[in-house]
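Single-structure report; data block below.
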Amino acid sequence: MPRQVWIWLRNALIVGGTLAVALFGWRLTAADAPPEGRSIDVCGFVRPETIARLVPEASEPAAEIGATNSWCEFSGWVGEGAGRARVNLWFGYVRAGREEGVSAEEQARQTVRFTECFDCRSEPTPVRIGDESFEYGWTNERTRQVAHVRVRIGTVTVHAQLGTTYATPDAVLGATRSLAQEVAARCQATC
């Protein structure tokens, strides 16, 4: 074979190998990889004193533990006689993954800002919790005050929600913020 053909063949192999490595690397960075999974029980993230203060006469927790999310719920009663009111407390976390070209961090950022009610909007918490935190509250048809706080820690979104007819909207939001801080502090180390 002539020397010129060998040079062309060698250059073609170098360019082809470089392109193959570049395409393989690009595919690894652009792949829709599932989030790493490990099961974590969040019911232990909140101190028993906090549960007793927020949900007097609390039931045994209802919980769900998954590879990418985990939640815990307590319900109970507060007050006496005719003024007795139900209290629901819910908290947990969701670990975001890359989805359809959107990074896991951007997925978590969108989740933390999302609101579930039509007549309220998400606002930043007065003091930032984690990387960013938003809250919103609403009153439903039975004058039940509900507050929801979401905290983003990297690609993890921590949720905390408290609902009762026994307290004012500001008191419910304040208590939910405290709960979110407690869950986020423990989740930052383990989630």
Expected max-MSF residue from Asp131, Asp119, Asp170 in the GNM of the chain (alpha carbon, under 10 Å) is Asp119
So Ala62 and Leu19, fully extended at 0.36 nm per residue minus their Cα-Cα distance, gain in nm 10.2 nm
Here the gain from full extension of Val5 to Thr190, 0.36 nm per residue of separation minus their alpha-carbon distance, amounts to 60.6 nm
Under a Gaussian network model of the chain whose springs join Cα atoms within less than 10 Å, the largest fluctuation of Leu162, Leu54, Leu19 belongs to Leu19
Out of Glu106, Glu116, Glu73, a Gaussian network model of the chain with alpha-carbon springs under 10 Å gives the largest mean-square fluctuation to Glu116
Within the range 57-76, the residues whose backbone N lies under 19 Å from a label point placed 7 Å from the Cα of Asn88 along the Cα-to-Cβ direction are 57-65, 70-76
Along the range 104-113, Karplus-curve 3J(HN,Hα) (6.51, -1.76, 1.60; θ = phi - 60°) to the nearest Hz, with x for Gly and Pro, reads 4, 5, 5, 4, 5, 4, 5, 5, 5, 8
Scoring the range 136-191 by relative contact order with C-alpha pairs under 8 Å, at least six apart, yields a percentage of 33 percent
Note: probe point = Cα of Asn140 + 7 Å toward Cβ; backbone nitrogen < 20 Å; residues of the range 47-71 passing the test are 54-64, 71
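If you take the Cα Rg of the range 82-159 and divide it by 2.2 N^0.38 Å, with N the number of residues, what do you get?
Here the answer is 1.26, to two decimals.
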The rounded separation in angstrom of the Cα centers of the range 121-191 and the range 61-107 is 10 Å
Diffing the range 180-191: the Karplus 3J(HN,Hα) column from phi (6.51, -1.76, 1.60, θ = phi - 60°), in whole Hz with x for Gly and Pro, holds 4, 4, 5, 5, 5, 4, 6, 5, 4, 7, 10, 6
A chain fully extended from Arg128 to Trp77 at 0.36 nm per residue, minus the present Cα-Cα distance, gains in nm 15.3 nm
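Values quoted throughout were computed directly from the atomic coordinates according to the rules given, and no laboratory measurement underlies them. Owing to the predicted nature of the structure, the values given are computational and were not obtained by experimental measurement. Note: ideal-geometry Cβ built from the backbone for every residue, glycine included; neighbour counts use all protein chains shown.
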